[in-house]
Each structure stands twice: as C-alpha cells, then as structure tokens.
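Presented below is the structure to which this report refers.
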Amino acid sequence: MTVPYTFVALLDVLGYRSKIDADRQRASEDFKTKLEAALAILTGLNETEISYQAISDTIIIANHPSARFCDLLRTLKRVHLAFLQQGLFLRGGIAFAPHFKSGPITYSHALPVAYQLEQTQAVYPRIVIDSNIIEMFSGDGKLSAEAGDIQSEQLICVENGIYFVNVAHGNADEYYELARAIYLEEESALHGREHELAKHRWLQNYIAAISGVAREPYIRSLEVFSP
C-alpha cells in the first residue's frame with residue numbers, strides 16, 4: 001500500500017527540560033498538571049479527521065489525507081492558545097509528505113521535514129508552514145479551493161519570507177494578557193538570557209502587529225546606562 005501524503009504538524013513545548021527540573025527540585029507536579037490541562041484540548045478532536053500523539057515534549061497532529069488544510073490550521077490555533085493559557089509556549093512546523101500511523105507504528109517522511117522547520121525556522125512561539133505548502137495555493141494547486149477561507153479568516157501570516165499560523169487572530173486581547181502574564185512571571189529569571197527573552201519580545205511584537213490597536217509594551221525598552 002502506498003503511504004498517503006498528509007499534512008502533519010510537529011509541535012514542541014518550549015522550556016520542557018527546565019520545567020521538568022523545576023518540578024523535580026520542588027518535589028511537585030505543577031508542570032505535569034499544566035501539560036495535562038493543555039493537552040485536554042485534543043481529547044475533543046474527531047480522530048477520523050485529525051489524529052494526534054503526545055510524547056514527552058513533542059505533539060504530532062496530522063490531518064486525514066482527505067481532510068481540509070484549513071481544519072488543521074484552526075485546530076492548531078486552539079492548541080496553541082490552550083498551552084498559552086497554561087503558561088506554556090509552543091513552536092512547531094507543518095509539512096506535507098507521506099505519513100502513516102497505525103497503532104504504535106508511525107512511518108513518516110513528513111515528520112523530519114516538520115522537525116527541521118521547528119528547529120531552524122520557528123525559533124519563536126509560532127508554527128511555521130513549509131513553503132511547499134504555500135505554493136499549493138497558487139493556480140490550480142491542491143489548496144487553491146481553500147485560498148478564500150485562508151484569506152478571509154487570516155489563518156496565515158508571513159514575516160521575512162517565513163509563513164506561520166496566525167494563532168492570535170480573533171483572540172488578540174486574550175493573547176496579549178496571557179503573554180504579558182507569562183513574561184511578568186518569568187521576568188527576573190530572563191535577565192541576561194537573550195535567547196529566551198527574544199521569544200517573549202517576538203510574541204509581544206507579533207500580537208501588536210495583528211491587533212490593529214495600540215497596546216502598551218510590557219517588555220522594557222533599551223535604557224541608557226547611568227553609573
């Protein structure tokens with residue numbers, strides 16, 4: 001049997017290792033509780049259309065080969081928000097390639113591509129879409145019939161040639177409050193850690209860009225040193 005081409009998203013929980021270590025040091029299960037609460041959003045999925053697996057810090061969500069790409073994007077928006085509501089950042093990649101799952105067996109060409117996108121392009125708390133998928137919207141491509149829905153619902157953003165799911169569209173107010181709360185909780189621990197701070201700063205700027213309204217930045221801007 002030929003393995004069908006499938007839209008597959010691979011998501012990664014940012015800071016997984018440090019949060020596990022914090023639980024171990026405090027002899028608590030706070031992170032586990034947050035993960036369970038966030039992953040509960042997946043239990044309501046119709047698995048005849050969209051399947052999922054959650055392993056350690058990785059979540060795999062795949063369309064049925066006949067399902068609409070728009071439905072996967074809408075699902076990813078809900079998942080991203082569910083994790084943010086628990087104070088957790090997700091990033092990931094979406095690929096279109098052969099993918100097969102049956103019970104414990106997964107055979108996939110899509111997962112390595114999605115993983116590469118997550119590692120090299122996602123960088124921030126966003127879900128990057130392979131450029132090959134974007135090309136399917138043009139002309140008589142596979143996704144040309146969905147172009148209208150993609151545009152009207154503003155499901156995809158592009159920045160610096162990188163396409164990603166517009167997760168905050170329609171929920172900008174909630175995203176702003178949640179992102180701000182996470183930053184304020186982690187602010188002292190972020191001092192001197194530019195790589196981690198960059199994720200917060202990107203999210204703040206992204207929310208401001210898609211909001212359409214002026215918002216007070218919650219991350220301090222550059223200051224002149226006064227000895």
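The values are calculated or read from the model by the stated rules, or taken from the named source; none is laboratory data. Everything numeric here is computed off the predicted structure, so don't read it as measured data. No Cβ is skipped: glycine too gets one built from the backbone with ideal geometry, and neighbour counts run over all protein chains shown. Protein only, heavy atoms only, side chains kept; ligands, DNA and RNA dropped before computing areas. Shrake-Rupley method; radii C 1.70, N 1.55, O 1.52, S 1.80 Å.
Assorted remarks:
- Any pair with Cβ under 7 angstrom, 6 or more apart, that starts in the stretch 165-182 at a residue that is over 24 Å from Leu117 (Cβ atoms) and ends at one that is open to solvent by less than 10 Å² (accessible area, probe 1.4 Å): Ala172/Ile207; Tyr176/Ile207; Leu178/Leu84
- For Thr106, the criteria (1) outside any loop (DSSP other than H, G, I, E, B); (2) open to solvent by less than 50 Å² (accessible area, probe 1.4 Å) hold in every case but one, which is (2).
- 1 or more residues more than 18 Å from the chain's Cα centre (by Cα): qualifying helices (runs of 4 or more DSSP H) within the stretch 110-169: 131-134, 147-152
- Residue check, His191 open to solvent by 90 Å² or more (accessible area, probe 1.4 Å) and either in contact (Cβ under 8 Å) with a residue 40 or more places away in the chain or farther than 22 Å from Val79 by Cβ (or both): yes
- Of all residue pairs spaced 6 or more apart or on separate chains, those with beta-carbon atoms under 6 Å, a first member in the stretch 30-42 that is surrounded by 14 or more Cβ atoms within 10 Å (Cβ to Cβ) and a second member that is polar (S, T, N, Q) are Lys34/Gln86; Ala37/Gln86; Ala38/Gln86.
- Residues that are touching an Asp or Glu at 6+ places or on another chain (Cβ under 8 Å) and in a loop (DSSP other than H, G, I, E, B) within the stretch 50-60 comprise just one, Asp57.
- For the condition part of a loop (DSSP other than H, G, I, E, B) and either modelled with pLDDT under 90 or open to solvent by 70 Å² or more (accessible area, probe 1.4 Å) (or both), Glu47 qualifies.
- Here Ala189 does not qualify as part of a helix (DSSP H, G or I) and either of a type in the set (Val, Ile, Thr) or modelled with pLDDT of 95 or more (or both).
- Filter result for Tyr206 (within 20 Å of Ile162 (Cβ to Cβ) and open to solvent by less than 70 Å² (accessible area, probe 1.4 Å)): yes
- From the options Ile60, Ile94, residue that is within 12 Å of the chain's Cα centre (by Cα), hydrophobic (A, V, I, L, M, F, W, C) and open to solvent by less than 10 Å² (accessible area, probe 1.4 Å): Ile94
- Screening Val158 against (1) among the hydrophobic types (A, V, I, L, M, F, W, C); (2) open to solvent by 50 Å² or more (accessible area, probe 1.4 Å); (3) touching a residue at least 24 places away in the same chain (Cβ under 8 Å) leaves a single unmet condition, (3).
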